[in-house]
1. Using Cβ counts within 10 Å as a stand-in for footprinting exposure, how do B:TRP396, A:TRP98 rank, fewest first?
2. If you project the alpha carbons of the range A:29-107 onto the principal axes, what extent comes out on each, in Å, largest first?
3. Among residues other than B:ILE300 whose Cβ falls under 9 Å from its Cβ, what is the net charge (Lys/Arg +1, Asp/Glu -1)?
4. Once the other residues with Cβ under 13 Å from the Cβ of B:MET442 are scored (Lys, Arg +1; Asp, Glu -1), what is the net sum?
5. Between the alpha-carbon centers of the range B:387-419 and the range B:161-188, tell me the distance in whole angstrom.
6. How high is the relative contact order of chain B, in percent, with contacts defined as C-alpha pairs under 8 Å that are six or more residues apart?
7. If only Cα atoms are counted, what is the Rg of the range A:160-210, and what is its Dmax, in Å?
8. With only alpha-carbon pairs counted, each pair once and no self-pairs, how large is the Kirkwood hydrodynamic radius of the range B:189-318 in angstroms?
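Coordinate-derived values only; no laboratory data. The structure displayed is predicted, hence computed values, not measured ones. We place every Cβ from the backbone using ideal geometry, glycine too, and count neighbours over all the protein chains shown.
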Amino acid sequence: MDTTDSGQEAFIGKIRSALGKSSEDLHAETDLCTSQLTDETRVILDRIKNRSQTERQQLLDRFIEMAAPINLNVSVLKDEESVKAAIVELIRNKDPEWDDQKSIVAWQHPLIESLNLSEALSGQNITVHIAKSDNIESEGITIAKERAWLRRHVIESYIGITSADFCMADTASLVMRTRPGQGRSVSLVPSIHIGVIYLNQIIWDLKELYALLSFDPEIGKEGLTNCMTFISGPSKTADVEATMVHGAHGPREMYVYVIKG
Amino acid sequence: MSEIFIGNYKTEARKALGNKVLQGALSDLQHRFGRGTALAYQKLPEGPDLRLKAHGIRQKAIENLDVLLETLAANVRKNGGHVFFAEDSRAALNYCLETARKHNVKLAVKGKSMVSEEIGLNSALLENGIEVAETDLGEYIIQLAGERPFHIIAPAIHKTRQDIGRLFTNKIGISYTDDPPRLTRAARKSLREKFLSADMGFSGCNIACAETGHILTVSNEGNIRMSTTMPRVHVAIMGMERVAARLADHDILLRLLCRGAAAQNMGTYASYIGGPRYANQNDGPDEFHLVILDNGRSRILADEEFREMLYCIRCAACLNVCPVYGKIGGHSYGHPYSGPVGAVVLPLLAGINEAKDLCQGETLCGACQDACPVNIDLPRMLLALRAKLADGDPDWGVTRANPSENAIFKMWSWVIRNRQTYEFFLRAVSFGQKIFPQKDGMIRRLPPPVAGWTRGRDIKPLADKSFMQRWKKGL
């Protein structure tokens, strides 16, 4: 639909007259909707770039501190090997919510692939599905197929494993943008969500995130994508007599493994 | 097809005052959220004054709303989304229904959205044979019960766990339980089926970002993510005022929104959604529609006295501190926009005379402004509405709410400007009042036409001697 039949012109015209704007005022503030690189932002970008080990540790401590009250379980581990062991252990200890089959769905992501979970879980009657997106662009028919495939597997899987773009320490939030192979439903539909990140992915807060998205050439180029989500702990509700219950619609439990390296 | 019903304020308020369970729930709610939010503002690195800065951000956004909305629409379209500008609720509903028809939608799921209540989306869908499921647990309970939300953030706060247990037994056929985790699990199971089979998902929008062309939605339950991820089509509806210029503004507004709404640092899920899935992505909706709604807002925008009301981001912090809401609860306001925000917004949207009880019922104590994340001067606007009701205002189509009030004040003004008449009046009253029943030095009941004054309170009788008489005798 183009702008002509969207009612835009009349609508905006009404707003302009309500604001008492004449046609001369129209482009007075063209920069209004463009982020401005201020000195403060420069300081923030510098700070992110030149973080010392001590500062990284402080960020990690803050993340752990803020994760506790929202029941987000954080484990700090030294390498991929230990994360693999921790995840295998978790899968062994947790039972599926909706049926008996233990299925896992995971992002197609270098960090997750390096864990080699399929191999670690082979012979235990546990299926690992990787949310592939191969060939999706080339063949029209595959899109629908791939979609149906992912949909089926996120529904039957009781654990979803993702990485994240960033982790905001101050609110204990994983920040995820959407890419092929890194579907949104993997962190949403399964009963348990596991996130795996490296220590250097932790940033301080929203201010840092928005500075990076606006001014870091690499990160800014990709932008917010069509869906950027912050996840801060497991799903929760307090709608029955204000009693806190986890697992309203999203995952009931959430685990984040931080690889310290 | 507006869903705004007003007119039972006094009856509903009286009902609420007599309901002990409700009074307990309201008191708990205000203790928890009201105090929690104040504390959360204190803990901000910038302190509670960040609210003033947010006020400035909202002011600038509203004063440039035309530019912001054009930029937002252009960017959403660039991302592959559709944008529709709806002048009123009918236009918005028609667009939603048309989109639903185009996709042959049988079942729609909905995240909590005040604006969809405002336009009456649910009943419009049902009338057109489309099943619609509310997915926020509180809203789901309300929908099953066939009621209206009691609170913007906590819609079912007036229901006890036993109420909900009975409701679920009757409506979704589970065996009776009043255990909140088990009730939540029952709703989780029942709604999961809806999420996975729905063809269309509706959401509101907390604050859009013009710079990037995204809407932002926040929820704790994950229902909005479900509604906007699993169905083939996502339709987001936003009031035209809910937009910020840039990401930097979002830093401040999002932090304040979460604190104002639920005293949280951050809601569990916050999603920036800017369009349908890309061709190479294997989940997310095929189509994304953004409906931007006026429905009377441009009229508020045109009046500088009330323009500030459009800064509101509908967090409900004002409900959680309001002494009036804290007693009479949400149903008295007759609409999901309740409390101090409702007392200003509803008269402006639904008619000032029609909704006069709402703005006249508030106390002007100012607690709402202190709790507001964007520091909106609600008491000022409540007073301005009352002034219109007292004097009438042709621009807003307001007639004098109480013509006799005006006559009485004119008479009173004449009495007090004539010393002898005034003295006579005082003597007559101080003699005459002796026949009325008194207790502890207070008059319990006055006769008509002033009987209303003592219906809910006592009044102090006039002193035997006036101050002037005592002054002349050297006190």
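1. Fewest to most other Cβ atoms nearby, the residues stand as A:TRP98, B:TRP396.
2. Principal extents (Cα only, largest first): 60, 36, 26 Å.
3. Surrounding charge for B:ILE300 is +1.
4. Residues near B:MET442 contribute +3 overall.
5. Taking the Cα centre of the range B:161-188 as reference, the centre of the range B:387-419 is 54 Å away.
6. 19 percent
7. Cα-based Rg and Dmax for the range A:160-210 come out at 11.2, 31 Å.
8. The answer is 15.8 Å.
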